[in-house]
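Working notes, structure below.
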Amino acid sequence: MLKSSFKVLILILIGLIVLSCEDILPSAPMESELLDGPMEGLTHAQSAQFIRGDVAFNDELFHSGNGLGPLFVATSCVSCHAGDGKGLPSTSLTRFGQIDATGNKFLHLGGPQLQNRALPGYTPETIPEGATYSVFTPPAVTGLGFLQYVTDEDILALADPDDLDDDGISGVPNWDYIRDFTIPRPDAITRDGKYIHRFGKKASVYDLLEQTVDAYNQDMGINSIFDPIDTFSGLSIDPEISQQTIRDVVFYLETLKAPIPRDQDDPQVQQGKAIFSQIQCASCHLPEMKTGYSPIEALSYKTFHPYTDLLLHDMGPELDDGYTEGSALTSEWRTAPLWGLGLSKNSQGGHYFLMHDGRARSIEEAILLHGGEAENSKNLYVGLDQSEKEDLIKFLESL
Amino acid sequence: MKQLITLLLLLIAGMAQAQIDTTLLQINKTDSTQQGLNMDAVYDRPFLNLGKLPVSVGGYMEANWQYMGTEGITEGHEFQMRRMTLFVSSTIGKKLKFMSEIEFEEGGNHIAIEFASLDVEFHPLFNLRGGIIMNPIGAFNQNHDGPKWEFTDRPISATQMLPSTWSNAGFGLFGKTYKGDWMLGYEAYLSGGFDHTIIDNDQNRTYLPASKANFARFEESASGTPLTTGKVAVRHNNFGELGLSYMGGIYNTFEDDGAAVDEKRRLQVFAIDYNHTLPKWNTFITGEWAWINVDIPNNYTQFYGNKQQGGFVDVVQPLISKKMLGWEKASLNLACRLEYVDWNVGTFQETGYTIGDHLWSVMPAISFRPSQQTVFRLNYRIQQQVDVHNNPAEKTAGISLGLSTYF
């Protein structure tokens, strides 16, 4: 009798354990606290491709056995974009050799990107004498699909190169040639054979395919059919990654959800949002944009809130590193999207490393580094009282 | 014709089986939870003897169900056959013993000779061992049989930082001596060893277990130099066993066809281990801690650290030891494992901030042993892992229910 009871007790115990599995596991963080995850509205097939891209982006780690280097900057996508968020100075990359729109004069010496790491036995690159350079911290990669499908027409409409509205802010697109493998947008606007570019710190990248191909090649030394030139030898070599994987990663980047704002009902956040417009931050950090047509239905004709205008602006001498890309001046930088700003610390080791090279250690410090076209906004910020500044920071942290 | 031969062979096999006198099959019942020194683990295994044949066979298996999850993501129910291991040993002749351990993992997809050595016994303090040896670094590497432990998972520090089970072709000496309550043992081996994959692998971190995938190490050393492993252990009946061990050597191929292709890069591992059974409560405590230093090229990624450290402590408390459910010497135990591993000890050059890439875990457990050779175990793991950037920890938890037995 006792034995039977004991056995029954054990069976019940095991049953309870199995049934309570879900309850004893760590719960998922709030969706708004995460940058990664797919956007809503993907089909099953699209979700499967998203997962494939997710695995390639976040789980595939390169080494000499699967093509890394021999010169490289990082060993994987996730090394620099932890949680799809911003990176740190320790994962920065360096570009060198171009000072104006006439192009990079140091391509024959390893430009534009410095591969500052190398497999054992190889010697990494150093910046050639006479070359100016700039250090870039990795950007967050969420919401890029929305930016991808903003029409050229809309971007151009935001530009004001001659400052006709006399607000001290001009804004110009980065015009450059596209790569051999790039298929121009159906609605592409051209000027002297050049196209509007939109991704990257200098808006020097045309689309996410170009960004992905370059990242594999220049950051990790992984050659693809799109770009078979090895950064070490300068020669064309066999692809080290499949075309499908590149496509999957591009799709992953396109369909990562847009960052979800938090605390939007908080009066302090609402007050900060009003101040954001009042001191003309919103002139460049445009709160709202819309996509045009996209073959991904979930991205077609959507309104979203990136807080960027995808244009280049003169940011003043303090942020002028003397290096540039495409048609941008050395002092010009693309307006950084502010969405997800409040979650930056979650991928930057609990600290802020803001601006193009992570030199700003707080949001306020980043604001104070603004100059050039943003000088007026910065001065208006400096003129705010302390509680207004706190409201503004609170709003920015809610994005 | 083939069918006829097959039938004939089956008939003979059946007859042969029918002729076996089962009384000749004798299980050498060793209590594998008790032992002299940790280094005796390979001797301290239950074997099956067939009559007076000099060959003994044995082995163990481990299987489990688990349900683990990380922050809302789970693989669901997982039914796993972790491994089945076969032992074959033989007393070849006077002072000559052969022992081996062949492991099948992943349903037979992974097969490895973990141990296959000839011991030549000259004197208790002076014995020669050669073949495939288990390098005596820490305690777990040599004492890893599943049925000895109250936990389904092997210690993370032992398998994901140290490369247990780590064995190589090599030779060396071992011995031990006793005096009163004291026991002293030593081991010293030269063997093949690691290769460049410990800093060039798909884990994105310095990872000693990566070299386990290099089966060429049983034919040649990547560096052309020996890996030195040594251990000294001392045991007192009242205070337990304390082991100090070292493993080191050049790990990379620095010369190829006579040409220098890299600098010589060294790897060093220091470990301390301890085990004891507290006499009053019969509480068993065991653990090990290891420190790893690896020479990394200056311009290499900081994700590959040049220092690592980690270890574990297991505490096992028998609650009931008596006849249960018809088993004469059954026991019910409560246990807990504490683990910590830091795969990258140091700071970032650019910021001076501490590099992350560490993990801690707590794993309470209940185990039931119908005999000392068999264990049913229920584990609950709570784990937090921090990435290299020191971002907020990823929380993992889950339960596993498993069994492991010698046979």
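Read the figures in this text as sums done on the coordinates, not as results from a lab. Keep in mind the model is a prediction, meaning the values are calculated, not measured. FYI the Cβ positions are ideal-geometry reconstructions off the backbone, even for glycines, and counts take in every protein chain you see.
Residue by residue through region B:266-275, what is 3J(HN,Hα) from phi via Karplus (6.51 cos²θ - 1.76 cosθ + 1.60, θ = phi - 60°)? Round to whole Hz and write x for glycine and proline.
9, 10, 9, 10, 10, 9, 10, 9, 8, 8
Jot down the per residue volume, in cubic angstrom and as a whole number, of the convex hull over the alpha-carbon atoms of region A:275-399.
Cα convex hull per residue, to the nearest whole number: 128 Å³.
Along the positive direction of the dipole of region B:22-406 (beta-carbon charges: Lys, Arg +1; Asp, Glu -1; about the Cα centre), which of B:H144, B:L325, B:G107 reaches farthest?
B:L325
What translational diffusion coefficient, to the nearest whole µm²/s, does region B:101-234 have by Stokes-Einstein, given a Kirkwood radius computed over alpha-carbon pairs, a temperature of 10 °C and 1.306 mPa s viscosity?
This corresponds to a translational diffusion coefficient of 99 µm²/s.
Rg and Dmax in Å for the protein assembly as shown, alpha carbons only: what are they?
Reported Rg and Dmax, both Å: 31.9, 106.
Report, please, the projected area of region B:22-406 averaged over directions, based on the convex hull of its C-alpha atoms, in nm². Each step should come with its number before you reach the end.
On the way: hull surface 86.5 nm².
Averaged projected area of region B:22-406's Cα convex hull equals 21.6 nm².
How far is the Cα center of region A:276-310 from the Cα center of region B:250-309, in Å?
51
What does the charge count around B:G311 come to, taking other residues whose C-beta lies under 10 Å from its C-beta (Lys +1, Arg +1, Asp -1, Glu -1)?
-3
Quick query: amide H of B:F47 versus all other amide H atoms, modeled in the peptide plane; which residues come in under 5 Å with a sequence gap of 5 or more or a different chain?
Here the answer is B:N28, B:T30, since their amide H atoms fall under 5 Å of that of B:F47.
Sum up the charges of everything whose Cβ sits under 9 Å from the Cβ of B:E105, counting Lys and Arg as +1 and Asp and Glu as -1, but leave B:E105 out.
That works out to 0.
Given H placed on each backbone N at 1.01 Å, which residues far from A:N174 in sequence or on other chains put an amide H within less than 5 Å of it?
A:H197, A:L312
Comparing A:D227, A:D59, A:D207, which has the greatest mean-square fluctuation in the GNM of chain A with Cα pairs linked when under 10 Å apart?
A:D59
If neighbour count is taken as other Cβ atoms inside 10 Å, put A:C284, B:C336, A:C77 in order from fewest to most.
So the residues, fewest neighbours to most, are B:C336, A:C284, A:C77.
Can you tell me which of B:F312, B:F126, B:F87 moves the most in a GNM of chain B? Springs connect C-alpha atoms under 10 Å apart.
Comparing B:F312, B:F126, B:F87 in a Gaussian network model of chain B, the most mobile one is B:F126.
Output the Kirkwood hydrodynamic radius of region A:295-354, Cα pairs only, in Å rounded to one decimal.
Numbers: mean 1/r = 0.0707 Å⁻¹.
By the Kirkwood definition, the hydrodynamic radius is 14.2 Å.
So if I take the centroid of the Cα atoms in region B:370-407 and the same for region A:185-211, what is the distance between those two points in Å?
About 50 Å separates the Cα centre of region B:370-407 from the one of region A:185-211.
Would you look at the GNM of chain A, springs on alpha carbons closer than 10 Å, and say which of A:D180, A:D84, A:D309 moves the most?
Of A:D180, A:D84, A:D309, the Gaussian network model singles out A:D180 as fluctuating most.
Among B:I199, B:A210, B:F174, whose Cα lies farthest out toward the positive end of the dipole of region B:173-217, if unit charges sit on the beta carbon of Lys, Arg (+1) and Asp, Glu (-1)?
Of the candidates, B:F174 comes out farthest on the positive side.
Mind scanning A:K201/A:K345; A:K86/A:K302; B:K52/B:K95; A:K273/A:K378; A:K257/A:K345; A:K290/A:K345 and naming the pairs with a C-alpha gap bigger than 22 Å?
A:K86/A:K302; A:K290/A:K345
Per-residue HN-Hα couplings for region A:88-97, Karplus 6.51 cos²θ - 1.76 cosθ + 1.60 at θ = phi - 60°, whole Hz, x for Gly and Pro?
Going residue by residue, I get 10, x, 6, 10, 6, 10, 10, 10, 8, x Hz, with x marking Gly and Pro.
Projected area of region A:38-398, taken from the Cα convex hull and averaged over every viewing direction, in nm²? Provide the component values of the computation, followed by the final result.
Details: hull surface 71.5 nm².
Orientation-averaged projected area of the Cα hull: 17.9 nm².
Ordered by residue, what ³J(HN,Hα) values in Hz, to whole numbers, does region A:335-346 give under the Karplus form 6.51 cos²θ - 1.76 cosθ + 1.60, where θ = phi - 60° and Gly and Pro are x?
4, 6, x, 9, 5, x, 4, x, 9, 4, 4, 5
Need one number for region A:150-257: average projected area of the convex hull over its C-alpha atoms, nm². Working shown, then result.
Working: hull surface 34.8 nm².
With every direction weighted equally, the projected area is 8.7 nm².
Hey, what number do you get for chain B at 222 nm if only DSSP H runs of n ≥ 4 count, each worth -39500 (n - 2.57), divided across all residues, to the nearest 500?
-1500 deg cm²/dmol
Around B:F115, which amide H atoms from residues at least 5 apart in sequence, or from another chain, sit under 5 Å from its own amide H, with H modelled in the peptide plane?
B:E101
If a/c stays under 1.5 just call it rounded; otherwise compare a/b with b/c (prolate if a/b is bigger, oblate if not). Do that for region B:110-168, with a ≥ b ≥ c from the square roots of the Cα gyration tensor eigenvalues.
It comes out prolate by the Cα gyration axes.
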